[in-house]
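As structure tokens, the structure follows; a few thoughts come after it.
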Amino acid sequence: MKSRGQGEATGSGGEGEGQGGVSIAGVRKRYGARAGLGDGAAIGPVDLEIPAGGVTALIGPNGAGKSTLLTMIGRLLGMDEGSIRISGFDVGTTKSKDLATVVSILRQENHFVTRLTVRQLVGFGRFPHSRGRLTRADEEAVSRAIDFLELGELEKRYLDELSGGQRQRAYVAMVLAQDTGTVLLDEPLNNLDMKHAVRMMRHLQRI
């Protein structure tokens, strides 16, 4: 579905069954309106229904607002108008600890100031469930995410010792370990060579 010619959403699989469907109604984001730059519209109005159980891609040129929309869905950025619901939860009003159990997000740029191993990073994805104290079930979820992204040989390595593509896979594993019905990935193929980009897409189709 297009939004004022700025982008397009294409999806595959799923008819809304299961958990994780996203409903977007009349969402707008504005920048610069107070500075007299027209209405300052960055994106919108967006009306979009994304069913559960499939992969949906947001397609559009640079500056179309794809990242803006993703960060609003994940509540990393506030919307100026409209509403977003994920699995029935209102993104604007749901408590963060509850929202984090139904949606996870990976942004384009990700930086950690602390020196972490791959396993420690992936463990952060369990915070909504463990509140910082990993149980055996949490450790098993971390191991599954690491195995899923074929990071077993790297799990004890520090992030600053990895290539850009290896780090990207580790960040995706962290998001998958959160175990949510909706996963938002902004440019998940960044820093991946063709071989690993194809492999990553195959992994994501298996989720």
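Computed values, structure above
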{"quantity": "Unmet criterion (only one of (1) out of contact with any Ser or Thr (no Cβ under 6 Å at 6 or more places or on another chain); (2) part of a loop (DSSP other than H, G, I, E, B)) for H203", "calculated": "(2)"}
{"quantity": "Meets criteria (in contact with a Pro (Cβ under 9 Å, 6 or more places away or on another chain) and of a type in the set (S, T, N, Q)) for Q168", "calculated": "yes"}
{"quantity": "Test result for L176, more than 20 Å from the chain's Cα centre (by Cα) and crowded, with 18+ Cβ neighbours inside 10 Å", "calculated": "no"}
{"quantity": "Hey, R202 at pLDDT below 90, among the basic types (K, R) and farther than 25 Å from I50 by Cβ or not", "calculated": "no"}
{"quantity": "Those residues of segment 10-52 which are under 27 Å from N62 (Cβ atoms), modelled with pLDDT under 65 and either over 17 Å from the mean Cα position of the chain (by Cα) or not in a strand (DSSP E or B) (or both), in sequence order", "calculated": "S12, A33, R34, A35, G36, L37, G38, D39, G40, A41"}
{"quantity": "Extreme residue, modelled with the lowest pLDDT, among residues of segment 113-128 that are β-branched (V, I, T) and farther than 11 Å from A170 by Cβ", "calculated": "V113"}
{"quantity": "Residue list for segment 186-201, restricted to those being charged (D, E, K, R) and exposed (fewer than 14 other Cβ atoms within 10 Å of the Cβ)", "calculated": "D193, K195"}
{"quantity": "Flag if R167 is among the basic types (K, R) and within 18 Å of E109 (Cα to Cα)", "calculated": "yes"}
{"quantity": "Cβ pairs under 6 Å, 6+ apart, first in segment 180-207 and under 21 Å from A141 (Cα atoms) and among the small types (G, A, S), second at pLDDT 85 or above and buried (at least 16 other Cβ atoms within 10 Å of the Cβ)", "calculated": "G181/S87; G181/V102"}
{"quantity": "Qualifying helices (runs of 4 or more DSSP H) (wholly inside segment 65-161; at least 2 residues being surrounded by fewer than 16 Cβ atoms within 10 Å (Cβ to Cβ))", "calculated": "96-99, 136-148"}
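The values are calculated or read from the model by the stated rules, or taken from the named source; none is laboratory data. The model shown is predicted, which means the values in this text are computed figures rather than measured ones. In this analysis, Cβ positions are derived from the backbone assuming ideal geometry, glycine residues included, and neighbour counts consider all displayed protein chains.
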